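Following: one structure in structure tokens, then a few remarks.
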Amino acid sequence: MIHTQRSIKNRLFFIIVLTSTIVLLIAGLLFITFRMMQLKQDMTNSLTIQAGVIADNAKASIVFKDKDEASNSLASLQYDPQVIYAVLLNDENQVLARYQRPDSDLSKAPRIVDAFLTDSPIFSETERYLVHARPIYSQANKIGHVILYADFSRYRHLLAHTALVVGIVIILALIVALCLSYLLQKLISKPIESLADFVWTVIEGQNYELRVENKSYAEIERLSDAFNKLLEQIHYAISARDQAQMQLKKYSEQLQELVYDRTRQLENAKEAAEASSRAKSAFLANMSHEIRTPMNAIVVFTRLALNASESPHQQQQLKRALESVDLLLSLIDDLLDFSRIDANKMELDYQDCDLFEILTSINQMLTAKFVEKELEFIIDVSETVPRHIWTDSLRLKQVLINLLTNALKFTERGQVRLSISPDKNGPSPQINFSISDTGIGMDRKTLDRIFEVFSQGDVSTTRKYGGTGLGLSISKKLVTLMGGNLNAESRPGQGSRFSFSLPLKPVLAEAETDNAIAIDRSVPMPDVMVVEPRQQSRTHLVGLLQSLGCKADSAETGNGALNQLTRHHYRHLLISRNLPDIDALKLVRLIRAEPRLSGLSISLMDNLLGEQAIKQFSETDTPVGYLKTPVFDRVLLYRHLVSGQQENAPRILPQAEPPVQLLKLSCVLIVDDYHINRLLVMDILQDQAERFLEAVNGREAIEILQKEKVDLVLMDIQMPEMDGYEATRRIRQQLQLTSLPIIGMTAFAGESDRRQCYQAGMNDVMTKPIDIEQLRKIFHQLSKGQARFSAVNSAAGADPALTNYRLPGIDVESGLSRLHNDEKKYKKLLELFYNSYQGKENLLEDYLAQKNWAGAEAWLHALKGICANLSISSVNDSCVKLHQQLQNRSVEPKDLQQFKHRFTEVISGLRQVAESEP
Amino acid sequence: MRIMQLLMKSVLLLALLLGQGWAMDQRELTIKAAYLFRLSLFVEWPPSSLNSTGSEPMRFCIAGDQGTTESLETLLAGKAINQHKIEVAEVQPRDDLSACHLLYLPEYIRSPHPFLQAAASHPILTVGETEAFYRQGGMIFLYNKDNRIRFAINEQAAKEAGLELRAQLLHLSQQP
């Protein structure tokens, strides 16, 4: 845990040992030095003494040269081992006596140097000896010298001995120091280690209530005290923190509980609200359904009564009743829509829609009102607007009708104009709808509130113009749902303008394609004169004609027209039914009477209401064309003008069906939970069926079908116990009655409802209120055996169904659904396709070989549009691919081969269909 | 050494000048002078006679012969015992010998007695060369033996005269 090399223990040990070593060494050295000096001093002292003694004793023997005595005086030197040699000299420097230590290895006597023979004693050191020379005096007369030689070997020996002793002492002392330091360092490191151990105990045990009890040293005690204080603080802090955490935890738990409670409350509230909302929605839906059912009955019975009635007065009354019922129905519809939008339950049903069909339908619905108020109605569709758009036709129609009705309501004279044009301002293509009128207009305040619920200009307005006040609000919301924004601009007295833009998603076929099919630019267009008193309509019509390539002139009055006819030769004359000066029919007669104008073809223009009269006039009087106003469809106009010159039929457009003889069915099953509805249907069909069976729900219907043989089933969708979808599915799957025609009846005739009906296995769908004409039409088709389902399964059918053929590359299902399962129409269109394109598989190759890029592109473009419309998907895919490649002026041979293969495949498939026709 | 050479030269010169008439030859005289000086090194006179710290001269009295005295004076000139310069003087038996510290009776003095008599009551070291001298109470008797000069000491006589002879000297004395 503790790094050994750095531990205090080791440091202490090291310090002690080092200190004692140094001290011991110094002491040892000092001792040895001192000993050296002492030894030397001893030596000199000893020599001095001995030399003095010899000098004194030998005086007489020196003076009287007694050699024996002199030798005797030197003999005492044998007791001093360090003196190895001695000489006595007299005053004539003659050697009187000599001494040599017997055991010394002195090979030759040391030389006596003159320097020794001084007047005072001297010491001299050589390498081997310490020499002491002393002069001998007697009564102040120098009588001789004594010279002693001391050997250093003894001195060295003693010194070495001393050093050895010192060394041993040092080593012993070190050992003792080591032992002591080992023992002593514990005194220091033990408390520190125990403190450290304690700290670890505290850390590992997380027990901050422990206290240190270490009183070994003042410093350690201080440290312990400080540590205890620290522990106290930590303990305090931790307990405070724990407390805070506990509290926090408690709070959070409380909060959680609170949140949980609130959430549950909210959930309950939400569930309650949702339940209430569901109940409301269901209530509204049911109510509308419940109301609709008796209303349907009222409508139908009123119509029947109207048909049966002879008295004009009664008829008038019945018509009023019908109008009121219509109003009531629309009110209910509005309420239902509003509640749906409000509950976010409104679902849009996007489809590939023919815009012109929508407009035609709108025209049909509103014509009567325009006629009634004598207002001009102009529909101005820009040339670049595609014919087919991807939208919810029902809702678009609803919005447009709402806005147009609104405009109608507040306009007394002038015109209402519906303009449709592509809006290229936004980042993505949009289509702009704009409804402008020349009505009373609104001030700013009113304009601000206009889209609010149940709001109209003011109360007086409501009284004057009627209306629910929901229309604009619903329209605004619907437009928002469809991705647009409904705006209104208006100034009092200057009319109003409502406009909105929707994202434009053109369906595969684009405007040009439609025109490419229908309008042949190569045909020279005739010169046309328009006789129209109403300025706006006139200008618009002239503009349309010019856009088609016609030279168009106009006249306001019949007389004006006559005047112009004398001046210029026209090929075609378009005359409004309502002329201010002359009756239009009279004008026609006048013109026909003029032989000069014999080549002139005449068309009368009138709204739908005038169609019958004009046709009658044409049959009985003189042939004239009928042009329905307002004119907005270029294709129709073109055809109208061209058919006047050329007899060839318009391509790929179905001709009207000839009337068919009705068949009588033996047994019809009517499934509806409302007795009155069943009665209604029976009433309508009483001439077409021998026998009726009734069931109140799907289950009963199945039971009946198990027993009885039935030719036709009319199936309500919304029923208790088992609804129409489920019943149909069981009839098809469990009873295996796959060839039995089943026709659904529903109040919500959205496209999705329709699809659901088809998916369940129904042959067709009718919307309530049941339109007598619609029912009869379906009935006719069925009796002809051409309804899709029966046709599929009738083995002996005269006209084999398309599904009997192998038609590779053609999505028959999708094609049929595009044409509302009108198999006959589809078949006819396919035959037309076959006739037009048979044997043309090499045409594209030829174009490409000639590098006629524009030709190839145009041909492909047209083919692509047609294939898309007819769901010839394989060829369409290839067309798209090749068309893209053509933009770069190069075509991959692989794709071209594929195109050719698919094209041939489709044509050969269609050959069977075409050849099977009688 | 120098002294020795000087001595040798002096002796040679004397021999040339004086010729054959001398009783003692020069060589012997030189040795006698050295012996007289050496002996006085080991003798302690009483302070009344010779203060050890003082610087009064030490008087060597030579009996009888002027020639000998002069020779000795020459030989001992410049020598001193401690601070006491050595003076040489010729004495006769009737002379007062109280000033003498040493009395040398050369061989040719046949009757030493008068001299010994005169010196008796004084602390005078008497050195003689005859047996008669030694027998009549002379202190140090110099004699020849084996061709070397030796001496015998009458310790009793010295003591009586108040002189102290060093042990080392006594140790070297040999009875004839």
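What follows draws every value from the coordinates through simple rules; no lab data is involved. Worth saying up front: this structure is predicted, and the values here are computed from it rather than measured. Backbone-built Cβ (ideal geometry, glycine too); neighbour counts: all protein chains shown.
Comparing mean-square fluctuations of B:VAL88, B:VAL43, B:VAL127 from a GNM of chain B with C-alpha springs under 10 Å, the top value falls on B:VAL43.
With viscosity 1.567 mPa s and temperature 4 °C, the Kirkwood radius over alpha carbon pairs of the range A:6-170 converts through Stokes-Einstein to a diffusion coefficient of 71 µm²/s.
With a simple spin-label model that places each label point 7 Å from the Cα along the Cα-to-Cβ direction, the separation between A:ASP380 and B:ALA80 comes to 17.2 nm.
Based on DSSP H runs of at least 4 residues, each adding -39500 (n - 2.57), what is the mean residue ellipticity at 222 nm of chain A after dividing by all its residues, to the nearest 500 deg cm²/dmol? Theoretical 222 nm ellipticity from helices: -18500 deg cm²/dmol. Compared with the dominant principal axis of the Cα atoms in chain A, helix A:558-567 is inclined by about 90°. Fully extending the segment from A:SER71 to A:CYS179 would add 32.8 nm, taking 0.36 nm per residue of separation and subtracting the current Cα-Cα distance. For the range A:321-343, backbone nitrogen atoms closer than 20 Å to the point 7 Å from A:ASN307 Cα along Cα-to-C-beta are found at A:321-326.
Between the range A:283-325 and the range A:132-187, the C-alpha centres lie 153 angstrom from each other. Between 0 and 90 degrees, rounded to the nearest ten: what's the tilt of helix A:393-409 against the longest Cα principal axis of chain A? Approximately 60 degrees, to the nearest 10. A Cβ-based charge dipole, computed about the Cα centre of the range B:2-172 with Lys and Arg at +1 and Asp and Glu at -1, lands at about 480 debye. Would the range B:48-110 count as rounded, prolate or oblate if I go by the C-alpha gyration tensor, calling it rounded below 1.5 in a/c and otherwise prolate when a/b exceeds b/c, oblate otherwise? Taking the square roots of the gyration eigenvalues as a ≥ b ≥ c, the range B:48-110 is oblate. Considering only A:GLY909, A:VAL17, A:ILE717, and ranking their Cα positions along the charge dipole of chain A that arises from unit charges at the beta-carbon of Lys, Arg, Asp and Glu, the one farthest toward the positive end is A:VAL17.
Average 1/r across all pairs of distinct alpha carbons in the range B:83-149, invert it, and you get the Kirkwood radius: 12.5 Å. Using only alpha-carbon positions in the range A:524-643, the gyration tensor eigenvalues give semi-axes of 18, 17, 15 Å once each is multiplied by 5 and square-rooted (largest first). Compared with the dominant principal axis of the Cα atoms in chain A, helix A:853-869 is inclined by about 80°.
Taking the fewest neighbouring Cβ atoms within 10 Å as the starting point, the ordered list for A:SER496, A:SER603 is A:SER603, A:SER496. Other residues within the sphere of radius under 14 Å centred on the Cβ of A:LYS250, judged by their own Cβ, net out at -2 (K and R +1, D and E -1).
If we count other beta carbons within 10 Å of each Cβ, what is the order of A:CYS667, A:CYS353, A:CYS867, fewest first? Could you put the intermediate results ahead of the total?
Details: A:CYS667 15, A:CYS353 20, A:CYS867 27.
Lowest count first: A:CYS667, A:CYS353, A:CYS867.
A simple spin-label model places the labels of A:ARG691 and A:ASN563 7.6 nm from each other, with each point 7 Å out along Cα-to-Cβ.
With a Förster radius of 51 Å applied to the C-beta separation of A:ALA849 and A:GLN759, the computed FRET efficiency comes to 0.60.
Net charge dipole, chain A: roughly 1260 debye, given to the nearest 20, about the Cα centre with Cβ charges of +1 for Lys and Arg and -1 for Asp and Glu.
For the protein assembly as shown, the alpha carbon convex hull comes to 520 Å³ per residue, rounded to a whole number.
Ranking of A:MET43, A:MET762, A:MET36 by neighbouring Cβ atoms within 10 Å, starting from the fewest: A:MET36, A:MET43, A:MET762.
Ranking A:ILE684, A:ASN697, A:ILE742 by how far each Cα lies toward the positive end of the dipole of the range A:676-756 (charges on Cβ) leaves A:ILE742 at the top.
Cys residues of the protein assembly as shown that find no other Cys beta carbon under 4.7 Å: A:CYS179, A:CYS353, A:CYS550, A:CYS667, A:CYS757, A:CYS867, A:CYS879.
About its Cα centre, how strong a charge dipole does the range A:524-643 have in debye, to the nearest 20, once Lys and Arg get +1 and Asp and Glu get -1 at the Cβ?
Dipole of the range A:524-643, to the nearest 20 debye: 220 debye.
Using the Cβ-Cβ distance between B:TYR108 and A:GLU125 with R0 = 51 Å, the FRET efficiency computed as 1/(1 + (r/R0)^6) comes to roughly 0.35. Note on A:ALA163 and A:ILE15: the model spin-label points, each 7 Å out from Cα along the C-beta direction, lie 3.4 nm apart. Estimated from the Cβ-Cβ distance and a Förster radius of 25 angstrom, the FRET efficiency linking A:GLN546 and A:ALA858 is about 0.60.
Just report the Cα centroid separation between the range A:562-636 and the range A:377-407, whole Å. Using only Cα atoms to place each centre, the spacing works out to 29 Å. Taking 0.36 nm per residue of separation and subtracting the Cα-Cα distance, full extension of the segment from A:TYR350 to A:ALA140 would add 59.6 nm.
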